[in-house]
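Reading through the structure tokens given below for one structure.
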Amino acid sequence: MGSRLFIIGIQEDTLESLKVQMEYIFGATLMVSGVTLKDLTYESIRKTDVVLLSSPEIHPIVKPFLHDSCRTIAAKRTVNIVKLKELMHLEAGSKFMVVNDNPSSTRETCDDLKNVLPGHNFFPYRENELIPEDVDCIVTPGETGLIPAEGYKTFDIGPRVISIETVMELEKAFHIHIEESLLMQYYIRTMVQLTEKRSERPGRVIENQNKKRTFEWISTKSPLMEATLTIARQMARGSHTLHITGTAGAGKQMLAEMMHNASSYNGLPFYVYSTADKDPLLIENELFGKNGGEGALNETIRGTLYIKNVESLPYQLQNRLADFLEKGIDNSEIRLMTSSNEDLKHLYDEDIISSKLHLYLSPHILSIPSLAERKEDIPILIDSFKKHFEREELNFSKEAMDAFTKYAWPGNVRELYNLISYCVCLDQHYIDIDSLPIFFKGNQNSAGATFRKGQLPDSEEIVGKIEKHGFLSESIKILKVYQVGKQENVAYGRGRVRELLNKEGINMTDQQLRLRIDILNQLGLLNVRVGRAGTTISEKGEQFLEEQN
């Protein structure tokens with residue numbers, strides 16, 4: 001078996017982008033494969049592989065999984081200059097705040113942008129710092145979910161690409177002889193191809209993603225999680241369509257796979273298809289087939305097809321999926337599972353899920369609890385991750401474990417895994433509170449601290465910062481609207497907030513409301529969430545209202 005280029009990345013979208021880039025350049029001569037850190041196992045990597053890491057920081061994590069014979073290369077990454085066209089045409093001297101997934105990557109992105117566009121000003125966003133008032137725009141390499149504020153023009157320049165230096169290093173590692181001028185042409189072509197709309201790229205054939213995980217893999221002390229697993233075991237025995245709900249990172253795909261392996265389909269493939277962040281035309285082509293051709297639904301002859309983020313399907317495609325279920329509901333060779341990040345009834349009530357699809361998905365729903373609802377499992381999960389990384393000697397201080405318990409874990413089990421991965425990279429045997437990353441420590445107040453009346457530490461400072469923008473009374477009204485929403489267990493979008501403010505005699509444009517919400521979010525008084533999740537008042541925001549009464 002020949003050498004293979006095996007890429008290891010942290011996030012799925014980044015990994016996919018790097019794989020596509022390498023396939024464009026080396027696909028004619030090399031087999032290109034890859035896996036995320038989350039799914040890395042001892043069987044993933046072959047002895048003859050050349051391993052390409054998406055960043056040098058993950059090497060300590062990956063090292064236990066590598067064979068001695070494997071050559072490992074840490075990719076140098078850079079921005080895709082083809083995606084910078086819009087930035088090039090902006091007025092010289094524009095000031096950009098750069099948002100990326102960690103401080104190191106953010107600094108590297110800033111440096112790359114400064115080198116390519118020296119006429120503009122770029123500076124890194126730092127967690128929990130107020131955004132300077134003279135910022136013109138925000139730029140991010142594919143990390144739109146981390147943007148801390150609304151109301152700013154945002155440029156998503158796409159994931160950073162592998163640099164030409166790394167491409168040349170790979171050419172030498174595989175003893176591929178390509179003239180430098182030709183290799184550069186290939187490289188430039190990939191920059192253009194990676195900017196194409198996803199709908200213009202050929203659909204990828206679904207693959208069997210069964211990692212043979214079973215219910216025995218899960219240990220829990222949570223009564224809520226135990227109840228979920230009991231129901232899951234019962235539901236696994238049938239052949240009917242299943243729908244799993246749970247916030248992002250809670251483990252929906254893993255649970256679906258475990259149910260597949262506990263069912264009569266356990267000897268058949270477990271196919272996974274995600275609709276998230278895809279163009280509707282691409283979804284239609286990949287899921288249903290183009291012009292009557294084969295799509296994922298038709299390619300799945302036997303086994304389980306798990307469709308993630310079903311709420312991202314446009315209405316028309318939801319109804320086509322419902323039609324498929326209606327026609328193929330008696331086919332015992334195929335089982336369909338779907339999932340969503342929000343409650344199915346809520347999606348139906350908000351007209352996000354069609355009544356036709358809801359009819360087929362609603363009879364068999366399983367909800368998986370978030371990590372915040374099962375915090376007693378945090379020590380168990382940490383022990384599991386340490387074992388996975390072969391770092392069972394790693395210990396955490398009482399203060400660090402207390403911080404884990406207080407934290408809200410918006411990213412669920414996936415976020416905890418990433419945090420333990422970070423700690424493993426530190427190559428320390430003992431982790432105290434000061435060793436935890438800034439992005440985690442910076443959220444401790446909002447996650448676990450409590451404020452009593454008269455004890456909000458920065459109340460006067462908050463008032464000063466709000467008054468600097470001249471709308472203290474309006475900001476208090478906005479907070480009161482969100483407080484009512486929280487009491488009614490409702491997360492409001494901006495449209496609803498404007499409507500409620502109008503009833504109070506306060507009229508403002510969408511842009512004005514964006515600015516006020518942005519300031520309140522920066523001050524920690526609101527929890528602004530991207531997408532349909534809406535915005536809620538924070539505990540700190542409620543205490544601030546008490547201070548103003």
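The values are calculated or read from the model by the stated rules, or taken from the named source; none is laboratory data. All values reported here derive from a predicted model rather than from experimental measurement. So basically every Cβ, Gly included, is an ideal-geometry build from the backbone, and we count neighbours across all protein chains shown. Accessible surface is based on the protein model in full, side chains and every heavy atom, while ligands, DNA and RNA are left aside. Shrake-Rupley method; radii C 1.70, N 1.55, O 1.52, S 1.80 Å.
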Subject >> region 1-22, subset among the β-branched types (Val, Ile, Thr) and either open to solvent by 60 Å² or more (accessible area, probe 1.4 Å) or in a helix (DSSP H, G or I) (or both), residue farthest from HIS177 (Cα to Cα) >> reply: ILE10
Original post:
Filtering region 146-161 down to residues that are at pLDDT 80 or above and open to solvent by 20 Å² or more (accessible area, probe 1.4 Å), which residue is nearest to the chain's Cα centre (by Cα)?
Top reply: PRO159
**OP:** Could you look through region 52-106, keep only residues that are among the β-branched types (Val, Ile, Thr) and open to solvent by less than 10 Å² (accessible area, probe 1.4 Å), and pick out the one that is nearest to GLU392 (Cα to Cα)?
**Re:** ILE61
**OP:** Pull up region 23-51, narrow it to residues that are among the aromatic types (Phe, Trp, Tyr) and farther than 22 Å from GLY142 by Cβ, then point me to the one that is most open to solvent (accessible area, probe 1.4 Å).
**Re:** TYR42
Original post:
Of the residues that sit in region 211-232 and are touching a strand residue (DSSP E or B) at 6+ places or on another chain (Cβ under 8 Å) and of a type outside the set (S, T, N, Q), which one is least open to solvent (accessible area, probe 1.4 Å)?
Top reply: ALA232
**OP:** Kindly list, by first and then second residue, each pair from a residue in region 479-503 that is more than 22 Å from ILE466 (Cα to Cα) to a residue that is open to solvent by 20 Å² or more (accessible area, probe 1.4 Å) and assigned to a helix (DSSP H, G or I), limited to pairs with Cβ atoms under 7 Å and residues at least 6 apart or on different chains.
**Re:** ALA491/ALA533
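So that you can scan it fast, the table gives a plain yes or no per residue for (1) more than 16 Å from ILE25 (Cβ to Cβ); (2) open to solvent by less than 30 Å² (accessible area, probe 1.4 Å); (3) under 28 Å from the mean Cα position of the chain (by Cα); (4) of a type outside the set (Asp, Glu):
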{"residue": "PRO118", "(1), (2), (3), (4)": "yes, no, no, yes"}
{"residue": "TYR125", "(1), (2), (3), (4)": "yes, no, yes, yes"}
{"residue": "ILE138", "(1), (2), (3), (4)": "yes, yes, yes, yes"}
{"residue": "THR144", "(1), (2), (3), (4)": "yes, no, yes, yes"}
{"residue": "GLU171", "(1), (2), (3), (4)": "no, yes, no, no"}
{"residue": "HIS175", "(1), (2), (3), (4)": "no, no, no, yes"}
**OP:** Name every residue in region 267-284 that is open to solvent by 30 Å² or more (accessible area, probe 1.4 Å) and in a strand (DSSP E or B), in order of residue number.
**Re:** TYR271, SER274
**OP:** Name the residue, out of ASP402, ASP432, that is open to solvent by 30 Å² or more (accessible area, probe 1.4 Å), in contact with a Ser or Thr (Cβ under 6 Å, 6 or more places away or on another chain) and at pLDDT 70 or above.
**Re:** ASP432
Original post:
Any chance region 363-380 includes a residue that's under 20 Å from ASN319 (Cβ atoms) and out of contact with any Leu (no Cβ under 9 Å at 6 or more places or on another chain)?
Top reply: yes
Original post:
Hey, any hits in region 233-241 for a residue that's assigned to a loop (DSSP other than H, G, I, E, B), aliphatic (A, V, I, L, M) and either touching a helix residue (DSSP H, G or I) at 6+ places or on another chain (Cβ under 9 Å) or buried (at least 17 other Cβ atoms within 10 Å of the Cβ) (or both)?
Top reply: no
Original post:
Filtering region 356-384 down to residues that are open to solvent by less than 20 Å² (accessible area, probe 1.4 Å) and without any contact (Cβ under 8 Å) to a residue 60 or more places away in the chain, which residue is nearest to ASN341 (Cα to Cα)?
Top reply: LEU357
